[in-house]
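Report on the structure given below.
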Amino acid sequence: MLWSAITLAAYLTALWLYRRSGHHLLCLPVLTGTGLVLAALALAGTGYPVYAEATRVLRWLAGPAVIALAVPLYRQATLLRRLALPLLAALAAGCLVSVLGTVALCVLLGTPMSFALSLAPKAATMPMALLAAERAGGVPAVAAMAVVATGVLGPLLEGPLLRWLRVEEGPEGGADGEVVRSFTLGLVAHAIGVARVLQTHPGSVALAALAMGLNGVATAMVLAVLSRWL
């Protein structure tokens, strides 16, 4: 219970800092909160296996939290059916580029294949990425770091990149810009991207949640097939 309480305290502190900073992306709770927990573990001399066992209740709660995302999906069912084809095309493109591009880059750089397979599911949500990496022959710990890094970098780079691609919101871009931005964040930045959309475009959180869920499944499937060929 002690480490669960410390984790909750770290999150509340990180959330306070995030709000005080004016919702600055570098102060995302997942980033600052993780840093606070790591600092506490280092000061206490506690290893991750002990921490993981002590906080298993918190990890269990992640399941119901993901399932709860079905509520906005149901509410936006009509919109999702109307956009089914373009969303599926974007999902396929994003997933394949993320997985295959990562593996190809690692091969070009001469990194071990186990390392490449660990980085490949970086855009999937944490539980799916860890399981996919482990079954493909990767290292779950490396996959976890890649997932966190991707989640933090996604919201940071999404804005400049979409502006460069001239994807606009508001009067000029209309609703399409909001759809693209929300789906993109869920696709490339998983749960952190969904949290960002919930803050900035709560009406489009269903798109981000859908992208996160489908990309997790698609990434696991692509990586499973790819690992058999390598």
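Points worth noting:
- Gyration tensor over the Cα atoms of the chain: the corresponding equivalent ellipsoid has semi-axes (square roots of 5 times the eigenvalues, largest first) of 28, 24, 17 Å.
- Of all complete DSSP H helices in the chain, those with a Cα span along the helix axis of 30 Å or greater and a mean Kyte-Doolittle hydropathy of -1.0 or more are 84-109, 140-164, 205-229.
- For the range 172-214, the spherically averaged projection of the C-alpha convex hull amounts to 2.5 nm².
- Among Ile6, Ile192, Ile67, the order by Cβ neighbours within 10 angstrom, fewest to most, reads Ile67, Ile6, Ile192.
- Global dimensions of the range 1-68 from alpha-carbon coordinates: Rg and Dmax equal 12.9, 36 Å.
- Comparing mean-square fluctuations of Leu17, Leu100, Leu109 from a GNM of the chain with C-alpha springs under 10 Å, the top value falls on Leu109.
- The range 53-115: C-alpha gyration tensor shape, a/c 1.5 cut-off, then a/b vs b/c: oblate
- Overall form of the range 110-230 per C-alpha gyration tensor (a/c, 1.5; a/b vs b/c): prolate
- FRET E, pair Val71, Ala149, Förster distance 30 Å, beta-carbon r, rounded to 0.05: 0.55
- Residue exposure sequence - Ser182, Ser227, Ser4 - by fewest surrounding Cβ within 10 Å: Ser4, Ser227, Ser182
- At full extension, Ser21 and Ala92 could sit 21.9 nm farther apart than now, given 0.36 nm per residue minus the alpha carbon distance.
- Residue among Thr184, Thr150, Thr13 with the largest mean-square fluctuation in a Gaussian network model of the chain, springs linking Cα atoms under 10 Å: Thr13
Read the figures in this text as sums done on the coordinates, not as results from a lab. Since the structure is predicted, the reported quantities are computational estimates derived from the model, not experimental observations. Neighbour counts run over all protein chains shown; Cβ positions are idealised from the backbone, glycine included.
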